[in-house]
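This report refers to the structure that appears directly beneath it.
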Amino acid sequence: MAKTSRIPGFYRLPIEERIETVREFADLSQEEVELLRKEGPLPMDVADRMIENVIGTWPLPFAVATNFLINGRDYLVPMAIEEPSVVAAASNAAKMARPSGGFRASSTESIMIGQIQLVDVPNPEEARVQILMERDRILEIANEQDPVLVKFGGGARDVEVRVIETGVGPMVIVHLLVDVRDAMGANAINTMAEAVAPFLERITKGRALLRIISNLADRRLARAHAVFRAEDIGGEEVVDGIVYAYEFAANDPYRAATHNKGIMNGVIAVARATGQDTRAIEAGAHSYAARFGRYTSLSTWWKNEDGDLEGYLEMPMAVGVVGGVTKVHPVARLALKVLGIKTARELAEVMVAVGLAQNFAALRALATEGIQAGHMKLHARNVAMAVGAVGEEVDLVVERLVRMKKIREDVAREVLSEVRRERAGGG
């Protein structure tokens, strides 16, 4: 009988029956099935309530980056990531920033944007004026949807209107600006946009189609700044090399993509550890990098008058410490406790500082020994374990792979066989 992924009612099945269905479809071994059943810090019943069709959980290494001094306060920063060298690089960068006072970070208010798309509007420019004239009523309707948010000092703050030309005619786009306080804000904003849409239809005689949050959170920014003394990072030549590397990214989108990916290595590792919407953060960051019509570096680096290196990073940071995964996932709650933070803005400031640290570490590696040398040893550990090295064998295989400068699985298998023969007295 042919296999099919058409499985009616799969989502209604108990987890064990889902696992059995997948076992038959994919011909899983008993050992593989046990991997699916194995529970870690996230209980299976909690995972089953978080998303659909759950058959297991997918753990990542959970680490802390050390040495971070941000706004005069020390932090251990939780990070969840699979890529070697990221945690070590962030920790080392934070250590190099400490002699100059660490990182200074700030953030704007937690303003997010809800968009309502109006089409078939008879007179778009007249509609724009009508909407702005009804600003107070629109805000009133929006705020009626979330009295708890308003009680805590948040809520809809303002209305903006844009008329855009498209291939199917002009559209009136209404922006609802909402202070979401310590939440990420998507649910609150989407609910407000839905509620406001019928009123907008009445006053503009148009049709409301999309009513949804924008992930270009350019009213919710986080900023970090740091000074790295030339003497602490390898001298004037290293400072100049980092500035040259930055200018490459600032003026070439192919380089900027990888440059910004390095920033996001740090930001997303913290976001994942603390239960944030990593896709929203990524989307906001990269769209912000292209806000002037050309994709460019999110960060800025320069040599100051003392000959030291200064760096600055500004980016959208839509994060929350209430609601969502942060209240459901036990490790996310633990991560926030390790950080010792109480507000979304403080979390955003930590995350942007980590992004700047990660960016510095990558640029310094590129400007000195090259990025591959920094990755080599840590990558070699993964390769050694992938071919079956265990315990002390891992360190012995890694040492030889690095010395040979051949970090490949075929070479690692040969080296592991040699190591085992030698340890067994086989010469």
- line: Taking 0.36 nm per residue of separation between residue 201 and residue 98 and subtracting their Cα-Cα distance, the length gained on full extension comes to 31.5 nm
- request: Working from Cα positions, state the angle (0 to 90°, nearest 10) between the long axis of helix 344-367 and the longest principal axis of the chain.
  value: 50
field: Three-way shape label, region 1-59, alpha-carbon gyration tensor, a/c 1.5
entry: oblate
- request: Count the net charge of all other residues whose Cβ sits under 12 Å from the Cβ of residue 273, scoring Lys and Arg as +1 and Asp and Glu as -1.
  value: +3
- prompt: With the contact rule set at Cα under 8 Å and sequence spacing of 6 or more, what percent relative contact order holds for region 161-297?
  reply: 18
task: Can you tell me the dipole magnitude for the chain around its Cα centre, using point charges on the Cβ only (Lys, Arg +1; Asp, Glu -1), in Debye to the nearest 20?
output: 280
field: Summed side-chain charge close to residue 173 - residues other than residue 173 whose Cβ falls under 12 Å, Lys, Arg +1, Asp, Glu -1
entry: +1
- prompt: So, with +1 on the Cβ of K and R and -1 on the Cβ of D and E, and no other charges, what is the size of the charge dipole of region 239-348 about its Cα centre, to the nearest 20 debye?
  reply: 820
message: Here are labelled values, [x] 0.96; [y] 1.01; [z] 1.17, and one is the computed Cα Rg over 2.2 N^0.38 Å for what I pasted. Which one?
response: [z]
C-alpha long axis of helix 409-423 to longest principal axis of the chain, angle in °: 40
- request: Pull up the cross-link candidates among the lysines for residue 303, meaning alpha carbon to alpha carbon under 16 Å and not fewer than 8 places away within one chain.
  value: none
- request: Just grab the label-to-label distance for residue 7 and residue 305, each label 7 Å out from Cα along the Cβ direction, in nm (one decimal).
  value: 6.8
field: Unit charges at the beta carbon, dipole of the chain: most positive-side option, 309, 163, 326
entry: 326
Three-way shape label, region 373-423, alpha-carbon gyration tensor, a/c 1.5: prolate
message: Counting only other residues whose beta carbon sits under 12 Å from that of residue 191, what net charge do I get with K and R as +1, D and E as -1?
response: -2
- request: Could you check the simple spin-label distance between residue 157 and residue 399, using points 7 Å along Cα→Cβ, in nm with one decimal?
  value: 5.8
- line: Measuring from the longest principal axis of the C-alpha atoms of the chain, the long axis of helix 392-404 (C-alpha) lies at a number of degrees, nearest 10, equal to 90
message: Counting only helical runs of four or more DSSP H residues, what would the 222 nm mean residue ellipticity of the chain come to if each run contributes -39,500 (n - 2.57) and the total is spread over all its residues?
response: -16000 deg cm²/dmol
- prompt: What distance in nm separates the simple spin-label points at residue 24 and residue 236, each placed 7 Å from Cα in the Cβ direction?
  reply: 7.5
- prompt: In straight Cα distance, which aspartates and glutamates are under 14 Å from residue 342, not counting same-chain residues fewer than 8 positions off?
  reply: 182
- prompt: How about residue 405: which lysines have a C-alpha closer than 26 Å to its C-alpha, ignoring those fewer than 8 places off in the same chain?
  reply: 261, 377
task: Round to the nearest 0.05 the FRET efficiency obtained for residue 327 and residue 73 when R0 = 30 Å and r is the Cβ-Cβ distance.
output: 0.80
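Throughout, read-outs are computed from the coordinates displayed, never taken from laboratory work. If you're wondering where the values come from, they're calculated on a predicted model, not measured in any experiment. Note: ideal-geometry Cβ built from the backbone for every residue, glycine included; neighbour counts use all protein chains shown.
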